[in-house]
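Undergrad: Shown below is the structure under consideration.
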Amino acid sequence: MVRDELKIKFEDIPPEGLDVSFEDRHGDLVRDCFPVRKPIRAKVHLARWGTSVKVTGRVETELSLPCDRCLEEFPFPVEEEINVLLEPVASVSRLKEEVCLSRDDLDVIFFDGETVEVDEVVREQILLAVPMRQLCKEDCKGLCPQCGENLNLKTCDCKREVKDSPFAILKKLVVSSR
C-alpha cells in the first residue's frame, strides 16, 4: 500500500465520482493502536458535493484486542459501512460560536479543501468500530484479584473476602422522628 496514492486531489474527482480500493496487508494504517490479524480491505466511492466530498463504501479487517477483564488477546472482526461527508475547513469559519449539531452533522469530517486522505477516513472508521469496553466474551470471568489466575481457564483456591460496605455503619444509625 502506497499512502501517497490514497491522497486524492479534490479537482481530480470527476463529476461521476471516483472509486478507490486498497488493501493494507500488514495493518500499517492502525499499527500504532492495534495489531491486525487480517489485511485491511477498503472500497470507497468519492463524490463531489459542491465544495464537499461524500465518501461511501466499506472496510473489513480483523483486529487483535486485549480483553479488559482477563487480558487475553481475542479476534475482533471489523465490517463497517463508510458514509461520511468531508467538509472543507474553511466552512468552519462561517459557523457561529455555538452550534446545535443534528444527527447528520455527526458524520462530518473536515479536510483542507484540496486533498482527500482516503486512508485517514478508513482509519477513523476502523477506530470508531472498536468498542469502549473490549471483552473476549460477554460472560468473561476475568482474573482472580488475589493470585491473578484467569478464571475462564480454571478456578483458584483463593478465599473471596466479602468486605463490609463503607455504608454498612449507616444501618446502625437510629432515625428518630420528632
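Undergrad: Considering only residues that are under 18 Å from Glu79 (Cα atoms) and without any contact (Cβ under 8 Å) to a residue 60 or more places away in the chain, which ones fall in segment 127-148?
TA: Correct list: Leu128, Ala129, Pro131, Met132.
Undergrad: Read through the list (1) more than 18 Å from the chain's Cα centre (by Cα); (2) on the phi > 0 side of the Ramachandran plot, then give the number of the only condition that Gly27 fails.
TA: (1)
Undergrad: Can you find a residue in segment 115-123 that is surrounded by 15 or more Cβ atoms within 10 Å (Cβ to Cβ) and farther than 20 Å from Val55 by Cβ?
TA: No, segment 115-123 contains no residue that is surrounded by 15 or more Cβ atoms within 10 Å (Cβ to Cβ) and farther than 20 Å from Val55 by Cβ.
Undergrad: Would you confirm whether any residue within segment 25-36 is more than 15 Å from Val121 (Cβ to Cβ), assigned to a strand (DSSP E or B) and not acidic (Asp, Glu)? Outline the logic, then answer.
TA: Going through segment 25-36, the residues more than 15 Å from Val121 (Cβ to Cβ) turn out to be 25-28, 31-36.
Cutting the leftovers down to assigned to a strand (DSSP E or B) gives us 36.
This time we only want the ones that are not acidic (Asp, Glu), so: 36.
The answer is yes, given that some residue of segment 25-36 is more than 15 Å from Val121 (Cβ to Cβ), assigned to a strand (DSSP E or B) and not acidic (Asp, Glu).
Undergrad: If you go through segment 50-68 one residue at a time, how many are crowded, with 21+ Cβ neighbours inside 10 Å and over 13 Å from Val20 (Cα atoms)?
TA: If we filter segment 50-68 for residues that are crowded, with 21+ Cβ neighbours inside 10 Å, which is where we start, we get 53, 55, 57, 59, 61, 63.
If we keep only those that are over 13 Å from Val20 (Cα atoms) too, we end up with 53, 61, 63.
Residues meeting the conditions: 3.
Undergrad: Next question. Please work out which one of (1) assigned to a loop (DSSP other than H, G, I, E, B); (2) closer than 28 Å to Glu138 by Cβ; (3) modelled with pLDDT under 90 is the condition Lys96 fails and give its number.
TA: (2)
Undergrad: Does Val118 qualify as being under 30 Å from Val89 (Cα atoms) and at pLDDT below 95? Show your work before the answer.
TA: Values: under 30 Å from Val89 (Cα atoms): yes; at pLDDT below 95: yes.
Yes; evaluated as a whole, the condition is true for this residue.
Undergrad: Okay, moving on. Given the options Ala47, Ala42, name the one that is closer than 23 Å to Val108 by Cα and either loosely packed, with under 12 Cβ neighbours inside 10 Å or in contact with a helix residue (DSSP H, G or I) (Cβ under 7 Å, 6 or more places away or on another chain) (or both).
TA: On the way: Ala47 fails: either loosely packed, with under 12 Cβ neighbours inside 10 Å or in contact with a helix residue (DSSP H, G or I) (Cβ under 7 Å, 6 or more places away or on another chain) (or both).
Answer to the selection: Ala42.
Residue-wise test of (1) modelled with pLDDT under 90; (2) within 30 Å of Glu62 (Cα to Cα); (3) of a type outside the set (A, V, I, L, M, F, W, C).
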| site | (1), (2), (3) |
| --- | --- |
| Cys144 | no, yes, no |
| Leu153 | no, yes, no |
| Asp157 | yes, no, yes |
| Arg160 | yes, no, yes |
| Ser165 | yes, no, yes |
| Ile169 | yes, no, no |
| Val174 | yes, no, no |
| Ser177 | yes, no, yes |
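The values are calculated or read from the model by the stated rules, or taken from the named source; none is laboratory data. Model, not experiment: these values are computed from the prediction. Positions of Cβ are backbone-derived with ideal geometry, glycine not excepted, and every protein chain shown enters the neighbour counts.
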